[in-house]
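As structure tokens, the structure follows; a few thoughts come after it.
The values are calculated or read from the model by the stated rules, or taken from the named source; none is laboratory data. All figures in this text were calculated on a predicted structure; none of them were measured in a lab. Virtual Cβ from ideal backbone geometry, glycine too; neighbours counted across all protein chains shown. Note: accessible area is taken over every heavy atom of the protein model, side chains too, but ligands, DNA and RNA are not part of it. Shrake-Rupley method; radii C 1.70, N 1.55, O 1.52, S 1.80 Å.
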Amino acid sequence: MSTISVMREAARTGLRRRARGRPRRDPGPLARAVARVLVRTADGASRLVTDLLGAGPAAGRERISEAELRDLVAANTVLDPDERRIIDEVLVAGASLVRKVMMPRTEVVFLPARLTIAEAARLVRAETHTRYPVTDGTHDDVVGFVHLRDVLLRPDVDPCVTVGELIREVKRLPGSKRVLPALTEMRREGQHLAVVVDEYGGTAGIVTLENLIEELIGEIHDEYDAAPDPVHAGLPTVVDGRLNLSDFAERTGVVLPAGPYETVGGFVMAALGRLPVTGDEVSVPGEPVDVDEPDPPAGWSLRVVALDGRRVARLAVSAARTAEQRPDPAAVPSRQPGVGQPRDPLAGQRRRASVGPTRRVDAGKPHEVNTPTPAGRGRPAGPS
């Protein structure tokens, strides 16, 4: 019980003991000031003593780590599997940054402010988005966004009106902001699209409310999305170069080392030390987690299959073979170029690069992924 409560109880007891016929005297200003000082002094002294004795308000409360909290949720039998998975995704998303789930600026469809409605209508009909950032100059000068309805479903608008006259205010978020605060902020303000700004003030990309929600509950597919790929595709497989490292590990079973990159394409570029070309190959040595595996791979091979400009578009991932697993060159008949086997036009361009060891997690059976999945929780984080 605090000092103030004790003094109030004592005052009430004294009033009950006072004779009913005696008139009550109100304390004067001096008495009130003295009482206030005494109460504050006693309260501060009691807090100091309890702190010194280790009996503060937070005494006895144990602090648990995030890993312990996740173990408690995983071991809880009251929650069903879906509830446990959502709680686990929320804990993981608490450490995720907006720049890891955004759509990079190279993949964003921007509309110049000088375009007329008729010109913009021809562009948006070829896309599947509903919101488009509007720029006034370069992609770093985003002045707002327009909705699909503003361009196609307003017959009263003059076709010669420019897109810049119909823009709406767009929200901006730093790339270092975490996913959960960004989701809360966008929901509170009723925003569905935000421009992600890098540390230099330029446009890093965009993120939608759907992208942030997918970080918590998983992928959301609609009628315009391709069929989802299996979670464990195994090896060999073909993946999109925009796949982030965590999703790449989930898809292939291979955990790549962390570094100054966020996607598997960035990992290949960092390993090569230059811009990649088609046919480049990166060898990743590693040790299998399962020591009882009968035929463990010596590592993994990442080969560039296709480029999109200067970006790695598609990568072929396969298990590397040891010297004992490789076929004997003497047992394989050699073929001269042009005699039963065409010369490889990329033979002179291919380069190999090796990186530090990594490890493999539970990989599934070999399966070919025909539709690569970009960075984020599945499909690219584009305008909704």
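Can you tell me which of (1) within 17 Å of Asp198 (Cβ to Cβ); (2) touching a residue at least 60 places away in the same chain (Cβ under 8 Å) is the one Lys171 doesn't meet? It fails just one condition, (2). Of note, Ser46 does not satisfy the criterion of being surrounded by fewer than 10 Cβ atoms within 10 Å (Cβ to Cβ), modelled with pLDDT of 70 or more and polar (S, T, N, Q). Restricting attention to the range 134-185 and to residues that are among the small types (Gly, Ala, Ser) and open to solvent by 50 Å² or more (accessible area, probe 1.4 Å), the residue that is farthest from Leu111 (Cα to Cα) turns out to be Ser176.
When we screen Gly144, Gly164 for residues that are at positive phi, modelled with pLDDT of 90 or more and of a type outside the set (D, E, K, R), the only hit is Gly144. Condition (residue is touching a His at 6+ places or on another chain (Cβ under 7 Å) and under 21 Å from Ile213 (Cα atoms)) applied to the range 100-118: is it met by at least one residue? Within the range 100-118, one or more residues are touching a His at 6+ places or on another chain (Cβ under 7 Å) and under 21 Å from Ile213 (Cα atoms).
Among the residues of the range 75-104, write down those that are open to solvent by 70 Å² or more (accessible area, probe 1.4 Å) and part of a helix (DSSP H, G or I). Correct list: Ala75, Pro81, Asp82, Glu83, Arg85, Arg99, Lys100. Select, from Glu189, Glu210, Glu214, the only residue that is out of contact with any helix residue (DSSP H, G or I) (no Cβ under 9 Å at 6 or more places or on another chain), under 30 Å from Leu91 (Cβ atoms) and open to solvent by less than 80 Å² (accessible area, probe 1.4 Å). That would be Glu210, the only listed residue that is out of contact with any helix residue (DSSP H, G or I) (no Cβ under 9 Å at 6 or more places or on another chain), under 30 Å from Leu91 (Cβ atoms) and open to solvent by less than 80 Å² (accessible area, probe 1.4 Å).
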